[in-house]
Amino acid sequence: MEYSDLMIFIMEMLGTVAFASSGAMLGIERKMDIFGVNVLGVTTAVGGGIIRDLILGINPPVTFLHAVYALAAVITSTLLFLAVYIRNQVFSGNIARWYDRIMLLCDTIGLGIFTVVGSYAAVAAGYQDNHFLVVFVGVITGIGGGVIRDMMAGTMPYIFVKHVYAVASIAGGIVFIVLYPYTGRIVGMMTGAGVVCSIRFLAAYYRWNLPRIH
């Protein structure tokens, strides 16, 4: 495995763990059992990638060819469930106090990583000249799993109500496609992911939101 391929794999695994954690946390907050928590964790982690592969004509999707992603999501979800369960049993803790912070952190990391991973997948599939498609695939990879997660949990999808979620993903995808021809895939992906995370954290801190009708 080349250095750049290893770096992309590491990014994918970090994104998988982050998104699995956000899915598992939502399942725990909705009082699901350990199976439901795992289903939500896995769906969040691999859902966007499945949609990406279907759009790009990759069949079967990579998730079903390499079980490492789903396995990592299951392990992450199970460990998180057990950690919260043991803490509540021993300390009678309340996850509500730190739920929002964990969701913000995990969702932001997952969104940043999977946005650029999805964009690069479109480039690797031969669509580097179709900038709209590259950015679109990046965004759908970043937000797809979260949308499915929220719909399964019966909540309003995060992207419609929280801190310029999809806008941050679009910005990261654009940064990647602009930098990629000049800096290569690793620098372009890391910079794009950094832009997504920066926008999300700044939006959360300063309470930036898109206009809405009250």
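Read the figures in this text as sums done on the coordinates, not as results from a lab. Here the structure is a predicted model, which is why all the values come from computation and not from measurement. Backbone-built Cβ (ideal geometry, glycine too); neighbour counts: all protein chains shown.
Structure notes:
- Potential extension, residue 82-residue 10 segment - 0.36 nm per residue separation minus Cα distance: 23.4 nm
- Gain on full stretching of the segment that runs from residue 183 to residue 160 - 0.36 nm per residue minus C-alpha separation: 5.0 nm
- Comparing the stretch 9-147 with the 2.2 N^0.38 Å rule of thumb, its C-alpha radius of gyration ratio is 1.10 (two decimals).
- Residue-averaged 222 nm ellipticity for the chain, from DSSP H runs of 4+ at -39500 (n - 2.57), nearest 500: -27500 deg cm²/dmol
- With both labels modelled 7 Å from their Cα along Cα-to-Cβ, the residue 64 to residue 35 distance reads 2.2 nm.
- Sorted peptide list for 35-44, 198-207, criterion being average Cβ within 10 angstrom, highest first: 35-44, 198-207
- Per-q log10 I(q)/I(0), the stretch 12-58, q = 0.14, 0.21, 0.22, 0.24 Å⁻¹ (Debye; single scatterer per alpha-carbon; no solvent): -0.35, -0.65, -0.69, -0.76
- When the stretch 119-182 is reduced to its Cα atoms, the Kirkwood hydrodynamic radius in Å: 12.4 Å
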